[in-house]
Amino acid sequence: MAKFTRREFGRTILAGAAASTLGNLFAQDDCSPPDGTPVDFVIPNLPNIQRKAIAELTPNEIARLRLAYARLRALTVSDPDDPRGWMQQANIHCWQCGGSGTDIHGSWTFFPWHRGYLYFHERILCKLLNDNTFRLPYWSWDDKNYRNLPAIYRPATVGTTANSLYDGNRSSGAVAGAPMPSSIFPALRNPMNAGNFASFGGSADSGGALEFGPHGAIHMWTGGADDPYPDMGNLSLAARDPIFYAHHCNIDRLWAEWNRRNPVAHANPTDAEFLTRSFPFFDENKQLVNIRIQDVIDPVPLGFSYRPGAKLSKGSLPKWTELKYDSATQLIALPDNIRAAVAAPSVIARQRSLVVKNVKLPTASGLYNVFVGDPPTAGADQSRASNYVGYIGIVVGQHHHDHNCSLVLDATNEFLQRAGGSGALLTFAPTGTTNGSKLDFSSAYLTEE
Amino acid sequence: MAWPIACFFALAAVVMVDKPVTVAVPVPEKMRESKIVLLQLQGVVMRRNAPAVWNVFWEMPSADAQTSVDIAHFAGYVTSLANSAARSAQPANFTLELPPAAVRATRRQRAIRFTFVPVGKLPEGGVTITSLHLE
C-alpha cells in the first residue's frame, strides 16, 4: 500500500480545495492534440489482477483510490504541463471526441479506445502510488442495487480532507444518491442481448447499442440535463469527473462479458482496418505511445480482467459443456451425458462450437488450418475437407507475445462423431501442406446456442 | 395493410422537433429470413451544444413521451451527449437491433412503421435523420 506523506497531505488539501474551480484554469475547449513523437506499444509483463466493483472495495482500497486521484490532481497543480496530470488526462478524452482529433465515439472504436485510455490511466495511477497492484474499480450499475452515484464519490470532503473523487459539476439527483430512472434499463431491450458486434458495439461508421443506450444515458443523468451540461453531461468535459473512469470501467467490463457469453456470435470485428487502427496515449513515464486495437482486444496481457457475470441481462446464455481431454493422448471425448443429445437429429439446426483454451500457438507467421485427425492431401482446397474445423492466423511482429489464447472452431458433424466414438485428435498444418502437428491445449468445451 | 395518412415511407429525411414522427421503412426481400435485423439511422444531424434523447417504437404510431418503454413494441432508445468541443454538427449513424417480435413482423410485412419520440427537449432545430433502412 502506498504511503500518504505529511508533505503530500498538505499539498493535496490545496489541490482538493482547488478541484472544484480547477476547470476554470483551463479553457472549456482545451482539446489540443498530445505533443510528442509516439513509440510503438510493447505488451507489458504485468500480473493479471481482477478489477473490482466499487461496492466490493475494502476501506484500505477506498483510501488507496482516493490517494491515487489526490496525487493525480496534485500533479496538475505542481506541474500543469505534465501529460499525466488530472486535467491533461481529461483533455486526452476531449481531443478524441471531436475537438481537434478524430472522434472515437459513434463507431466500433468506442470500446477499444476507452480500454486503452483506462489502461494508461491505471498505469499512471499505479506509478503515482508506487503500487503495481492498483486496479481501477467499476461502477456496477448493471446491478439494480447500485444504480445511484456510489457513496464514496459524493461528499466534497472526507473528514477535513478534500475528497479527490468529488466533482462539483453533477446533477442534484446524482449528488443526493437518488436512483437512476428505470427507463435507462428497459425491461425488454437490453444491449447485452445484442446478437452481433454491429448491434452491440457498432461498425466503422455507426455507434452500437451500449454506447448510445445506457452509456450515454448515465453520462447525462450524472452530469445533469440542464444547460450548460457540465462534466459528465458533456463529451468534451466528461473525463473531468472521477466517476467517468469507474463508469467506463463498467462499460469495458460489459464488453468483456458480452464477448465471453458467446465467443462465436459475440466475436469482435476481425477487419484489418479495425485491428490495426492505433491511438496515442501518454504512459506512466510521460512517453507518448501508439497502441493498436489488436493490443487491447484481450485485457489479460494488459494486467487486468473481470470476474465473469453481469446482471444486465435477461437473455439466455449459451450452454457450455466441458469435454473430456486426455493430455497424454491429446484425444477429446464427449461426456456420456451429452452423447445422445448431440447424436439425436434436431428439428432446429443448432449452432455448436468447439472452444479450446490455452492453445500453444505456432511460432512462425502464416495461416494454419485446423483439422480433426490428419490433414487432407495437399493440393485440394483444405477448408472444404470434411475434417476441417477452422484456422489460426499468426502474425509474428516486433511485439509478438507468447501469451496463451483460446480458439473457437466449428463443432462439425465429423468432430462430434469422432469425439463421441474413439476420441477426436486436433491437428494443424500450414495452409496447403500435409505437415500436420498435434494441437497443444489445456481444455476443450462445446458451446451450443 | 392500410397505412394511416400520418405515416410515410422513409425515403426522405425525417425531422424530429418536439413531436413524435412515424415513418414506414421497407423490408428488403432478402431479409425476410434474417434472424438479426438492424435498423440503421444514417446521417443523423443535430446541434451538439445540447443533448438529445429519443425513443423508438415499432408498429405503434400512437406512442408518445408517456408511453412505457417496458412493452414489446419498444425498439430501443438513442442518446447523444452534448459536446461543446465539437466544431460542427458532423452527421452520426446509429444502429438499433430489432426485438424478436419485430423481426418476426419483417417476415410478413412489406414495411415496418417506426415512431420516433423525443424525450425531453431536443437541441434547437431538432434532429434530422437523413435516411433509414433495415439490414
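The numbers here are math on the coordinates, done by the rules we state, and not lab data. On a predicted model such as this, the values are computed, not experimentally measured, just so you know. No Cβ is skipped: glycine too gets one built from the backbone with ideal geometry, and neighbour counts run over all protein chains shown.
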Exercise. Given the peptides A:427-440, A:34-47, arrange them by the average over their residues of other C-beta atoms within 10 Å, most packed first.
Key: A:427-440, A:34-47
Quiz item: How big is the Cα convex hull of segment B:8-134 in projection, averaged over all directions, in nm²?
Solution: 7.4 nm²
Exercise. Work out, step by step, the length gained on full extension between residue A:320 and residue A:143: first 0.36 nm times the residue separation, then minus their alpha carbon distance; give nm to one decimal.
Key: 61.3 nm
Self-check item: Lys, Arg +1 and Asp, Glu -1 on Cβ, resulting dipole of segment B:8-134 about Cα centre, debye, nearest 20
Solution: 280 debye
Quiz item: Tally Lys and Arg at +1 and Asp and Glu at -1 over the other residues with C-beta under 10 Å from the C-beta of residue A:334: what net charge comes out?
Solution: +2
Quiz item: Each residue of segment A:206-218 in order: what ³J(HN,Hα) in whole Hz does its phi give by Karplus 6.51 cos²θ - 1.76 cosθ + 1.60, θ = phi - 60°, with x for Gly and Pro?
Solution: 9, x, x, 5, 6, 5, 8, x, x, 4, x, 5, 6
Quiz prompt | For residue A:304, residues with placed amide H under 5 Å, excluding near neighbours | solution = A:49
Quiz item: In terms of modelled amide H atoms, which long-range or inter-chain residues lie less than 5 Å from the amide H of residue A:236?
Solution: B:84, B:85
Quiz prompt | Karplus 3J(HN,Hα) series, Hz, for segment B:23-36 with 6.51 cos²θ - 1.76 cosθ + 1.60 (x for Gly, Pro) | solution = 9, 9, 10, x, 9, x, 4, 5, 9, 5, 9, 5, 7, 10
Practice problem: Give the calculated FRET efficiency between residue A:272 and residue A:383 to the nearest 0.05, with a Förster radius of 25 Å applied to their Cβ-Cβ distance. | Solution: 0.80
Exercise. Please identify which residues in segment A:354-376 have an amide N closer than 15 Å to a label point set 7 Å out from the Cα of residue A:327, following the Cα→Cβ vector.
Key: A:357-360
Quiz prompt | Amide H partners (placed H, <5 Å) of residue A:310, local residues excluded | solution = none
Quiz item: How far apart, in nm, are two points set 7 Å out from the Cα along the Cα-to-Cβ line at residue A:182 and at residue A:45?
Solution: 5.4 nm
Quiz item: Of the cross-linked pairs A:52/A:127; A:52/B:35; A:52/A:357; A:324/A:360; A:144/B:121, which ones have a Cα-Cα span greater than 29 Å in the structure shown?
Solution: A:52/B:35
Quiz item: Rounded to the nearest whole Å³, what is the per residue volume of the convex hull around the Cα atoms of segment A:6-305?
Solution: 130 Å³
Self-check item: In order through segment A:262-267: 3J(HN,Hα) via Karplus (6.51 cos²θ - 1.76 cosθ + 1.60), integer Hz, x for Gly, Pro
Solution: 7, x, 8, 5, 9, 6
